1. Enumerate the helices (runs of 4 or more DSSP H) found wholly within the range 128-219, keeping only those where 2 or more residues are touching a residue at least 24 places away in the same chain (Cβ under 8 Å) and surrounded by 14 or more Cβ atoms within 10 Å (Cβ to Cβ).
2. Please specify each residue of the range 282-313 satisfying the condition of being β-branched (Val, Ile, Thr) and either more than 9 Å from the ligand (Cβ to nearest atom) or assigned to a strand (DSSP E or B) (or both).
3. When the range 21-49 is examined, which residues are found to be under 14 Å from Arg67 (Cα atoms) and acidic (Asp, Glu)?
4. Criterion first (modelled with pLDDT of 95 or more and touching an Asp or Glu at 6+ places or on another chain (Cβ under 8 Å)) does Glu187 satisfy it?
5. So which helices (runs of 4 or more DSSP H) stay within the range 1-115 end to end and still have 3 or more residues that are within 16 Å of the ligand (Cβ to nearest atom)?
6. Can you find a residue in the range 159-170 that is under 20 Å from the mean Cα position of the chain (by Cα) and of a type outside the set (D, E, K, R)?
7. Among the residues of the range 12-28, is any farther than 26 Å from Phe294 by Cβ and loosely packed, with under 11 Cβ neighbours inside 10 Å?
Amino acid sequence: MDVLDDLMRYTLVVSTALLAGHDLDAVRQRDGDGLPRRLPLVFEKLGRRIASPVPYWRWVRLPADRRLDATVAELRDLIEQQYVHARRRVAEGQAPVTYLEALAEASMDDAAKLSEQDAVSAVVNMIVAGEDNTAAAAAWAMHYLAIHPEAQRKVREEAEEVLGDDGFPSDPAALSRLRYAEAVGNESIRLRPTSPFLIMQAVHDITIPDGADALRLEAGTLVMPLMTHASDVDDHKYPDPGAFEPDRWLSSSAPQPNDASPFLPFGGGPRFCPGRNLALIEVTMVVATVCRHFVLEADTTSGPVGERVTFAMMPTNLGIRLHPAEHRRLDRRNAGAHT
Ligand code: HEM
(Lines give C-alpha, C1' and ligand atoms only; values in the text may rest on other atoms or scores of the structure.)
Protein backbone atom coordinates (compact mmCIF):
# COMPACT_ATOMS: atom_id res chain seq x y z
CA MET A 1 0.00 0.00 0.00
CA ASP A 2 1.08 3.61 -0.49
CA VAL A 3 1.52 4.53 3.18
CA LEU A 4 2.08 8.23 2.52
CA ASP A 5 -0.97 8.62 0.32
CA ASP A 6 -3.18 6.94 2.91
CA LEU A 7 -1.76 9.07 5.72
CA MET A 8 -2.24 12.31 3.77
CA ARG A 9 -5.87 11.41 3.21
CA TYR A 10 -6.28 10.53 6.90
CA THR A 11 -4.87 13.86 8.16
CA LEU A 12 -6.95 15.76 5.60
CA VAL A 13 -10.13 14.05 6.80
CA VAL A 14 -9.29 14.74 10.47
CA SER A 15 -8.44 18.43 9.87
CA THR A 16 -11.48 19.17 7.70
CA ALA A 17 -13.82 17.50 10.18
CA LEU A 18 -12.37 19.13 13.30
CA LEU A 19 -11.80 22.56 11.82
CA ALA A 20 -14.83 22.95 9.58
CA GLY A 21 -17.27 20.15 10.48
CA HIS A 22 -17.12 18.59 7.01
CA ASP A 23 -16.46 14.92 6.26
CA LEU A 24 -14.24 14.96 3.17
CA ASP A 25 -14.27 11.15 3.00
CA ALA A 26 -10.89 11.27 1.27
CA VAL A 27 -9.70 7.87 2.52
CA ARG A 28 -12.48 6.04 0.69
CA GLN A 29 -12.95 8.38 -2.30
CA ARG A 30 -9.92 7.80 -4.49
CA ASP A 31 -11.46 7.82 -7.96
CA GLY A 32 -12.97 10.60 -10.02
CA ASP A 33 -11.71 14.14 -10.07
CA GLY A 34 -13.34 15.56 -6.94
CA LEU A 35 -11.71 17.51 -4.11
CA PRO A 36 -10.89 14.35 -2.06
CA ARG A 37 -8.72 13.13 -4.95
CA ARG A 38 -7.14 16.44 -5.94
CA LEU A 39 -6.53 18.05 -2.56
CA PRO A 40 -3.76 15.65 -1.43
CA LEU A 41 -1.90 16.52 -4.66
CA VAL A 42 -1.63 20.28 -4.04
CA PHE A 43 0.99 20.09 -1.32
CA GLU A 44 3.84 18.98 -3.51
CA LYS A 45 3.06 21.86 -5.87
CA LEU A 46 2.93 24.32 -2.97
CA GLY A 47 6.30 22.98 -1.81
CA ARG A 48 7.77 23.59 -5.26
CA ARG A 49 6.54 27.18 -5.12
CA ILE A 50 8.20 27.68 -1.74
CA ALA A 51 11.51 26.39 -3.12
CA SER A 52 11.28 28.23 -6.44
CA PRO A 53 13.93 30.97 -6.87
CA VAL A 54 11.54 32.99 -9.06
CA PRO A 55 7.80 33.40 -8.33
CA TYR A 56 7.00 32.86 -12.01
CA TRP A 57 3.31 31.98 -11.28
CA ARG A 58 2.65 35.66 -10.53
CA TRP A 59 3.16 36.38 -14.24
CA VAL A 60 2.68 33.05 -16.03
CA ARG A 61 0.29 30.32 -14.96
CA LEU A 62 1.22 26.88 -16.23
CA PRO A 63 -1.51 24.18 -16.38
CA ALA A 64 -0.29 22.76 -13.06
CA ASP A 65 -0.57 26.24 -11.48
CA ARG A 66 -4.11 26.63 -12.77
CA ARG A 67 -5.02 23.22 -11.31
CA LEU A 68 -3.49 24.20 -7.97
CA ASP A 69 -5.35 27.53 -7.87
CA ALA A 70 -8.64 25.86 -8.85
CA THR A 71 -8.28 23.24 -6.11
CA VAL A 72 -7.49 25.81 -3.41
CA ALA A 73 -10.42 27.96 -4.64
CA GLU A 74 -12.68 24.91 -4.38
CA LEU A 75 -11.50 24.25 -0.83
CA ARG A 76 -12.24 27.88 -0.02
CA ASP A 77 -15.77 27.57 -1.49
CA LEU A 78 -16.35 24.49 0.64
CA ILE A 79 -15.28 26.33 3.82
CA GLU A 80 -17.45 29.32 2.87
CA GLN A 81 -20.46 26.99 2.64
CA GLN A 82 -19.55 25.48 6.00
CA TYR A 83 -19.26 29.01 7.42
CA VAL A 84 -22.94 29.61 6.57
CA HIS A 85 -23.90 26.46 8.57
CA ALA A 86 -21.52 27.43 11.40
CA ARG A 87 -23.02 30.90 11.66
CA ARG A 88 -26.55 29.49 11.69
CA ARG A 89 -25.74 27.01 14.46
CA VAL A 90 -24.09 29.66 16.61
CA ALA A 91 -26.97 32.12 15.98
CA GLU A 92 -29.35 29.39 17.24
CA GLY A 93 -27.42 29.50 20.52
CA GLN A 94 -25.50 26.23 20.13
CA ALA A 95 -22.05 26.10 21.70
CA PRO A 96 -19.26 26.09 19.06
CA VAL A 97 -17.90 22.62 18.38
CA THR A 98 -15.53 23.26 15.46
CA TYR A 99 -12.83 25.88 14.98
CA LEU A 100 -14.96 27.47 12.24
CA GLU A 101 -17.92 27.77 14.63
CA ALA A 102 -15.69 29.38 17.26
CA LEU A 103 -14.48 31.87 14.64
CA ALA A 104 -18.06 32.48 13.44
CA GLU A 105 -19.05 33.29 17.02
CA ALA A 106 -16.10 35.69 17.40
CA SER A 107 -16.97 37.32 14.09
CA MET A 108 -20.59 37.79 15.15
CA ASP A 109 -19.37 39.43 18.37
CA ASP A 110 -17.10 41.86 16.52
CA ALA A 111 -17.06 41.65 12.72
CA ALA A 112 -14.69 44.64 12.53
CA LYS A 113 -12.01 42.55 14.26
CA LEU A 114 -12.68 39.26 12.48
CA SER A 115 -14.50 39.27 9.16
CA GLU A 116 -16.04 36.23 7.46
CA GLN A 117 -13.16 36.32 4.96
CA ASP A 118 -10.63 36.23 7.85
CA ALA A 119 -12.38 33.25 9.44
CA VAL A 120 -12.53 31.29 6.17
CA SER A 121 -8.87 32.10 5.42
CA ALA A 122 -7.82 30.99 8.91
CA VAL A 123 -9.48 27.61 8.43
CA VAL A 124 -8.06 27.08 4.91
CA ASN A 125 -4.65 28.03 6.30
CA MET A 126 -4.94 25.51 9.14
CA ILE A 127 -6.00 22.71 6.78
CA VAL A 128 -3.07 23.40 4.45
CA ALA A 129 -0.57 23.92 7.29
CA GLY A 130 -1.41 20.72 9.12
CA GLU A 131 -1.99 18.06 6.51
CA ASP A 132 1.33 17.19 4.91
CA ASN A 133 3.50 17.71 7.97
CA THR A 134 1.44 15.42 10.13
CA ALA A 135 1.14 12.71 7.47
CA ALA A 136 4.92 12.78 7.02
CA ALA A 137 5.45 12.59 10.81
CA ALA A 138 3.20 9.53 11.04
CA ALA A 139 5.04 7.93 8.10
CA TRP A 140 8.43 8.52 9.78
CA ALA A 141 7.06 6.98 12.98
CA MET A 142 6.06 3.86 11.02
CA HIS A 143 9.53 3.76 9.49
CA TYR A 144 11.23 3.85 12.92
CA LEU A 145 8.90 1.19 14.28
CA ALA A 146 9.56 -1.07 11.30
CA ILE A 147 13.32 -0.96 12.03
CA HIS A 148 12.98 -1.10 15.85
CA PRO A 149 11.00 -4.29 16.64
CA GLU A 150 11.46 -3.85 20.39
CA ALA A 151 9.82 -0.40 20.36
CA GLN A 152 7.11 -1.87 18.14
CA ARG A 153 6.47 -4.64 20.66
CA LYS A 154 6.09 -2.07 23.46
CA VAL A 155 3.60 -0.02 21.41
CA ARG A 156 1.62 -3.18 20.63
CA GLU A 157 1.47 -4.28 24.26
CA GLU A 158 0.35 -0.83 25.37
CA ALA A 159 -2.24 -0.65 22.56
CA GLU A 160 -3.61 -4.10 23.45
CA GLU A 161 -3.97 -2.98 27.05
CA VAL A 162 -5.50 0.45 26.34
CA LEU A 163 -7.53 -0.18 23.20
CA GLY A 164 -8.76 -3.62 24.15
CA ASP A 165 -10.36 -6.00 21.68
CA ASP A 166 -11.94 -3.16 19.64
CA GLY A 167 -8.47 -2.02 18.62
CA PHE A 168 -9.57 1.61 18.37
CA PRO A 169 -9.80 4.30 21.06
CA SER A 170 -13.45 4.34 22.05
CA ASP A 171 -13.12 7.42 24.25
CA PRO A 172 -10.73 10.40 24.33
CA ALA A 173 -9.43 9.42 27.78
CA ALA A 174 -7.85 6.33 26.20
CA LEU A 175 -5.55 8.58 24.18
CA SER A 176 -3.85 9.96 27.28
CA ARG A 177 -2.98 6.39 28.29
CA LEU A 178 -1.16 5.69 25.01
CA ARG A 179 1.98 7.18 26.51
CA TYR A 180 4.56 4.99 24.77
CA ALA A 181 2.88 5.49 21.37
CA GLU A 182 2.98 9.26 21.95
CA ALA A 183 6.65 8.99 22.94
CA VAL A 184 7.30 7.22 19.62
CA GLY A 185 5.60 10.14 17.85
CA ASN A 186 7.70 12.72 19.72
CA GLU A 187 10.92 10.81 19.12
CA SER A 188 10.24 10.38 15.38
CA ILE A 189 9.45 14.10 15.02
CA ARG A 190 12.62 14.98 16.96
CA LEU A 191 14.78 12.88 14.64
CA ARG A 192 12.95 13.78 11.41
CA PRO A 193 11.35 17.20 11.86
CA THR A 194 8.91 17.42 8.97
CA SER A 195 9.30 21.23 8.75
CA PRO A 196 13.09 21.14 8.43
CA PHE A 197 13.58 24.92 8.19
CA LEU A 198 11.75 28.17 8.84
CA ILE A 199 11.89 31.34 6.77
CA MET A 200 11.95 34.56 8.80
CA GLN A 201 12.76 38.20 8.24
CA ALA A 202 14.06 40.66 10.83
CA VAL A 203 11.46 43.44 11.07
CA HIS A 204 13.94 45.77 12.84
CA ASP A 205 17.66 45.78 13.67
CA ILE A 206 18.31 43.21 16.37
CA THR A 207 21.22 41.68 18.27
CA ILE A 208 20.81 38.05 19.30
CA PRO A 209 23.06 37.21 22.26
CA ASP A 210 24.90 33.88 22.14
CA GLY A 211 27.17 33.51 25.19
CA ALA A 212 30.26 35.62 24.57
CA ASP A 213 29.23 36.09 20.92
CA ALA A 214 26.37 38.03 19.45
CA LEU A 215 24.68 37.92 16.10
CA ARG A 216 23.76 41.31 14.65
CA LEU A 217 20.90 41.33 12.12
CA GLU A 218 19.80 44.38 10.20
CA ALA A 219 16.13 45.02 9.46
CA GLY A 220 15.06 43.12 6.35
CA THR A 221 17.65 40.33 6.72
CA LEU A 222 16.25 36.94 5.74
CA VAL A 223 17.00 34.17 8.22
CA MET A 224 16.41 30.46 7.65
CA PRO A 225 16.83 28.59 10.95
CA LEU A 226 17.50 24.88 10.43
CA MET A 227 15.17 22.67 12.45
CA THR A 228 16.82 19.42 11.40
CA HIS A 229 18.02 16.93 13.93
CA ALA A 230 21.62 17.64 12.89
CA SER A 231 21.19 21.21 14.15
CA ASP A 232 19.99 20.02 17.54
CA VAL A 233 22.59 17.62 18.89
CA ASP A 234 22.99 19.08 22.37
CA ASP A 235 23.62 15.88 24.36
CA HIS A 236 22.69 17.57 27.65
CA LYS A 237 19.24 18.12 26.28
CA TYR A 238 19.03 14.74 24.53
CA PRO A 239 21.64 12.16 25.66
CA ASP A 240 22.87 10.10 22.67
CA PRO A 241 20.94 12.50 20.40
CA GLY A 242 21.15 10.38 17.22
CA ALA A 243 19.53 7.30 18.76
CA PHE A 244 15.83 6.43 18.44
CA GLU A 245 14.85 6.16 22.12
CA PRO A 246 11.17 6.80 22.80
CA ASP A 247 11.78 6.14 26.52
CA ARG A 248 13.56 9.50 26.84
CA TRP A 249 10.09 11.10 26.55
CA LEU A 250 8.81 9.12 29.53
CA SER A 251 11.46 10.16 32.05
CA SER A 252 10.65 12.75 34.72
CA SER A 253 12.96 15.31 33.02
CA ALA A 254 11.23 14.91 29.61
CA PRO A 255 9.76 18.06 28.02
CA GLN A 256 6.19 18.66 29.18
CA PRO A 257 3.33 19.07 26.64
CA ASN A 258 3.24 22.87 26.86
CA ASP A 259 6.97 23.34 27.28
CA ALA A 260 7.80 24.39 23.72
CA SER A 261 11.37 25.59 24.17
CA PRO A 262 13.38 22.36 24.12
CA PHE A 263 11.58 20.98 21.10
CA LEU A 264 12.36 22.86 17.90
CA PRO A 265 10.35 20.94 15.27
CA PHE A 266 7.22 22.97 16.01
CA GLY A 267 9.05 26.32 16.07
CA GLY A 268 9.00 28.61 19.07
CA GLY A 269 7.83 31.94 20.44
CA PRO A 270 4.63 33.68 19.39
CA ARG A 271 4.39 31.81 16.06
CA PHE A 272 4.72 28.40 17.73
CA CYS A 273 2.73 25.79 15.79
CA PRO A 274 -0.88 25.90 17.06
CA GLY A 275 -1.49 22.40 15.67
CA ARG A 276 1.18 20.62 17.71
CA ASN A 277 -1.18 18.82 20.08
CA LEU A 278 -3.53 17.77 17.29
CA ALA A 279 -0.58 16.52 15.24
CA LEU A 280 0.68 14.44 18.18
CA ILE A 281 -2.78 12.98 18.75
CA GLU A 282 -3.05 12.03 15.08
CA VAL A 283 0.40 10.42 15.04
CA THR A 284 -0.26 8.61 18.33
CA MET A 285 -3.51 7.18 16.93
CA VAL A 286 -1.75 5.90 13.80
CA VAL A 287 1.13 4.38 15.75
CA ALA A 288 -1.10 2.64 18.30
CA THR A 289 -3.82 1.36 15.97
CA VAL A 290 -1.46 0.16 13.23
CA CYS A 291 0.74 -1.71 15.74
CA ARG A 292 -2.35 -3.08 17.49
CA HIS A 293 -3.41 -4.79 14.26
CA PHE A 294 -0.16 -5.40 12.37
CA VAL A 295 3.49 -6.30 12.73
CA LEU A 296 5.55 -3.87 10.67
CA GLU A 297 8.52 -5.11 8.70
CA ALA A 298 10.84 -2.83 6.72
CA ASP A 299 10.95 -3.60 3.00
CA THR A 300 13.99 -2.04 1.39
CA THR A 301 13.59 -3.60 -2.05
CA SER A 302 13.16 -0.11 -3.60
CA GLY A 303 16.34 1.15 -1.91
CA PRO A 304 17.21 2.79 1.40
CA VAL A 305 14.73 5.22 2.95
CA GLY A 306 15.67 8.81 2.11
CA GLU A 307 14.36 12.34 2.63
CA ARG A 308 12.68 14.66 0.18
CA VAL A 309 11.43 18.12 0.98
CA THR A 310 8.19 18.97 -0.81
CA PHE A 311 5.84 21.01 1.40
CA ALA A 312 7.05 18.87 4.30
CA MET A 313 10.08 16.60 4.66
CA MET A 314 8.77 13.26 3.39
CA PRO A 315 10.36 9.80 3.50
CA THR A 316 11.21 8.33 0.10
CA ASN A 317 11.32 4.58 -0.69
CA LEU A 318 9.26 3.91 2.42
CA GLY A 319 8.44 0.23 2.00
CA ILE A 320 6.67 -1.45 4.90
CA ARG A 321 5.16 -4.94 4.99
CA LEU A 322 2.18 -5.33 7.30
CA HIS A 323 1.61 -8.79 8.80
CA PRO A 324 -1.56 -9.39 10.85
CA ALA A 325 -0.60 -9.27 14.53
CA GLU A 326 -1.47 -12.09 16.87
CA HIS A 327 -3.76 -10.63 19.50
CA ARG A 328 -2.90 -11.81 22.94
CA ARG A 329 -6.19 -10.60 24.43
CA LEU A 330 -8.24 -12.21 21.67
CA ASP A 331 -6.20 -15.39 21.98
CA ARG A 332 -6.82 -15.47 25.73
CA ARG A 333 -10.55 -14.96 25.18
CA ASN A 334 -10.68 -17.65 22.49
CA ALA A 335 -8.66 -20.01 24.69
CA GLY A 336 -11.25 -19.45 27.44
CA ALA A 337 -14.09 -20.25 25.04
CA HIS A 338 -12.48 -23.54 24.02
CA THR A 339 -11.89 -24.85 27.52
C1 HEM B 1 4.00 17.03 12.81
C2 HEM B 1 3.21 17.98 12.40
C3 HEM B 1 3.55 19.45 12.38
C4 HEM B 1 4.78 20.07 12.39
C5 HEM B 1 6.16 19.42 12.42
C6 HEM B 1 4.53 21.50 12.34
C7 HEM B 1 5.53 22.46 12.37
C8 HEM B 1 5.28 23.82 12.33
C9 HEM B 1 6.31 24.83 12.38
C10 HEM B 1 7.81 24.57 12.47
C11 HEM B 1 5.70 26.03 12.31
C12 HEM B 1 6.37 27.42 12.33
C13 HEM B 1 6.53 27.87 13.78
C14 HEM B 1 7.31 29.17 13.92
O15 HEM B 1 7.27 30.00 13.00
O16 HEM B 1 7.95 29.33 14.98
C17 HEM B 1 4.28 25.80 12.22
C18 HEM B 1 3.34 26.77 12.12
C19 HEM B 1 2.00 26.54 11.95
N20 HEM B 1 1.36 25.31 12.03
FE21 HEM B 1 2.26 23.54 12.28
N22 HEM B 1 3.18 21.71 12.31
C23 HEM B 1 2.55 20.49 12.34
C24 HEM B 1 1.18 20.26 12.36
C25 HEM B 1 0.22 21.24 12.28
C26 HEM B 1 -1.21 21.02 12.32
C27 HEM B 1 -1.89 19.65 12.51
C28 HEM B 1 -1.81 22.24 12.15
C29 HEM B 1 -3.27 22.61 12.11
C30 HEM B 1 -4.27 21.79 12.24
C31 HEM B 1 -0.75 23.23 12.03
C32 HEM B 1 -0.97 24.57 11.84
C33 HEM B 1 0.03 25.52 11.82
C34 HEM B 1 -0.22 26.94 11.60
C35 HEM B 1 -1.59 27.61 11.33
C36 HEM B 1 1.02 27.58 11.69
C37 HEM B 1 1.30 29.08 11.53
C38 HEM B 1 1.32 29.73 12.91
C39 HEM B 1 1.66 31.21 12.84
O40 HEM B 1 2.34 31.64 11.91
O41 HEM B 1 1.28 31.94 13.76
N42 HEM B 1 0.46 22.60 12.12
N43 HEM B 1 4.04 24.43 12.26
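1. Fully inside the range 128-219 and qualifying: 149-163, 179-191.
2. Thr284, Val286, Val287, Thr289, Val290, Val295, Thr300, Thr301, Val305, Val309, Thr310
3. Selection gives Asp33, Glu44.
4. Answer is no for this residue.
5. 3-20, 42-51, 63-91, 99-109
6. yes
7. No; the residues of the range 12-28 include none that is farther than 26 Å from Phe294 by Cβ and loosely packed, with under 11 Cβ neighbours inside 10 Å.
The values are calculated or read from the model by the stated rules, or taken from the named source; none is laboratory data. Keep in mind it's a predicted model, so treat the numbers as computed, not measured. All Cβ positions, even for glycine, are placed from backbone atoms using ideal geometry, and neighbour counts span all protein chains on display.
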